[in-house]
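Please read the structure below before turning to the comments.
The values are calculated or read from the model by the stated rules, or taken from the named source; none is laboratory data. Worth saying up front: this structure is predicted, and the values here are computed from it rather than measured. When we count neighbours, we look across all protein chains shown, and the Cβ atoms used for this are built from the backbone with ideal geometry, even at glycine.
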Amino acid sequence: MPAPHPPILRSIAIRFSLLMGLAGGGACIIHWLRGASWLESFYLAFITLSTLGSRDVAIGPHEDALMAFMIVYIILGLSTFAYLAADVGRFILNAEFRKLIERHRMDRSIATLKDHFIVCGMGRMGASICQYLSDRKQPFVVIDKDEEQLNAICTPRGWLYEIGDATSDADLRRAGVLTARSLATTLPTDADNIYVVLSARLLSSRIQIVARASEESAIEKMQRAGATRVISPFSSGAVKMARFMLSPSVEDFLEITDKQGGELELADVQIHSDSPYVGKQLSEIDLRKKGVMIIGIRRENGEKLLPPPSSAVILTGDSLFVFGSTAAVNALICCEDAKSH
């Protein structure tokens, strides 16, 4: 929620102090002119200001003076109260309307997404995934229960988010699971991640699901629940450290593709039925002239061609593993994505 606007709060504080000052001043004058006790004087002052008065204040030896005072007192009190109510209303409406408008705009943006990514959980790993996608200008939606965390991280960056429970079918639907390309679940517990995997798979048979597993025993369960890939941060980190020990130069070279603004990119390009490359051999399309090299092909049935021969024919549903300049790879991905819509 946006931070309160300081001038509005100052105005509210000033008018509230003035109202309390009027009540105290009125009690003093009533006590002096009417001779009532202090408790009765404050009581009469407050019920008069609130317009709930049930007793006639202008009684006593100074009846005329009391009547004149009460006329001025009520006018001043009502004016101050009206200004205070206006300021409070302006403050409430300002914050609430901005929140509602922003939420409505975000819901409309999420509803128009297609072939986007869903990130479940805005922890350290979830935030890193979002930053990676954002750096590559990929559309994505975050789901998390912590509204404060989402506002702190997503709002300044313009990231789309859904406040809710990623294990809920309704919240997954609102995030666009039916039209999403891929979902990553990085919730704190393996049990929650398994539930997300199962829910997402039941809602969409085509979506790619990447899940984080803290315990090795949870990996097989997540795969059985429908996860496409299961990542164990500890195992993956250990393997990467071992690779650095064995082949530091190779790992340095591969890390170039992970850096924002790098000159090289390694990516997976999905081939759709209306792609101009369908039915053609690799030797015919020769993407090398465009700065892209195909280093592998994965067929829709799971068959892998690594490396693919020049006579290999590209088929609908193939995944091309391409490596080349960032601009050329992104242009190829954008071209294929545009044909899928």
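Out of all the residues in the stretch 189-201, is one or more aromatic (Phe, Trp, Tyr) and either assigned to a strand (DSSP E or B) or more than 20 Å from Asp165 (Cα to Cα) (or both)? So that I can check it myself, show each step before the final result.
Let us first name the residues in the stretch 189-201 that are aromatic (Phe, Trp, Tyr), namely 195.
From what is left, the residues that are either assigned to a strand (DSSP E or B) or more than 20 Å from Asp165 (Cα to Cα) (or both) are none.
No; the residues of the stretch 189-201 include none that is aromatic (Phe, Trp, Tyr) and either assigned to a strand (DSSP E or B) or more than 20 Å from Asp165 (Cα to Cα) (or both).
Within the stretch 22-42, restricting attention to residues that are over 19 Å from Ala68 (Cα atoms) and in a helix (DSSP H, G or I), which residue is modelled with the lowest pLDDT? Working first, answer last.
Filtering the stretch 22-42 for residues over 19 Å from Ala68 (Cα atoms) gives 37-40.
Among the residues that remain, those that are also in a helix (DSSP H, G or I) are: 38-40.
Details: Trp38: 77, Leu39: 76, Glu40: 73.
Checking each candidate, the answer is Glu40.
The conditions are (1) at pLDDT below 85; (2) over 30 Å from the mean Cα position of the chain (by Cα), and Asn330 fails exactly one of them. Which is it?
Result: Asn330 fails condition (2) only.
Which pairs do you get when a residue that is assigned to a helix (DSSP H, G or I) and modelled with pLDDT of 70 or more, found in the stretch 86-109, comes within reach of a residue that is surrounded by 11 or more Cβ atoms within 10 Å (Cβ to Cβ) and not aliphatic (A, V, I, L, M), reach meaning Cβ atoms under 6 angstrom, with the pair 6+ apart or on two chains?
Arg98/Pro2
List the pairs whose first member sits in the stretch 271-292 and is under 11 Å from Leu332 (Cβ atoms), whose second member is β-branched (Val, Ile, Thr) and in a strand (DSSP E or B), and whose Cβ atoms are under 8 Å apart, counting only residues at least 6 apart or on separate chains?
Leu287/Ile294; Leu287/Val322; Val292/Val322
Considering only residues of the stretch 154-165 that are within 8 Å of the chain's Cα centre (by Cα) and part of a helix (DSSP H, G or I), which is surrounded by the most Cβ atoms within 10 Å (Cβ to Cβ)?
Kept after step one, since they are within 8 Å of the chain's Cα centre (by Cα), are these residues of the stretch 154-165: 154-155, 159-163.
When the remaining residues are screened for being part of a helix (DSSP H, G or I), the result is 154-155.
Working: Cys154: 19, Thr155: 14.
Going through the qualifying residues, I end up with Cys154.
Do we find that Ile297 is out of contact with any Pro (no Cβ under 8 Å at 6 or more places or on another chain), surrounded by 15 or more Cβ atoms within 10 Å (Cβ to Cβ) and modelled with pLDDT of 75 or more in this structure? Steps first, answer last, please.
Numbers: out of contact with any Pro (no Cβ under 8 Å at 6 or more places or on another chain): no; surrounded by 15 or more Cβ atoms within 10 Å (Cβ to Cβ): yes; modelled with pLDDT of 75 or more: yes.
In short, no.
Could you check the stretch 192-242 and list, in sequence order, the residues that are of a type in the set (Lys, Arg) and either touching a residue at least 24 places away in the same chain (Cβ under 8 Å) or buried (at least 18 other Cβ atoms within 10 Å of the Cβ) (or both)?
First, the residues of the stretch 192-242 that are of a type in the set (Lys, Arg): 201, 206, 212, 221, 224, 229, 240.
Result: Arg201, Arg212, Lys221.
Here are Gln138, Gln149: which of them is in a loop (DSSP other than H, G, I, E, B) and of a type in the set (S, T, N, Q)? Reasoning before the result, please.
Numbers: Gln149 fails: in a loop (DSSP other than H, G, I, E, B).
The match here is Gln138.
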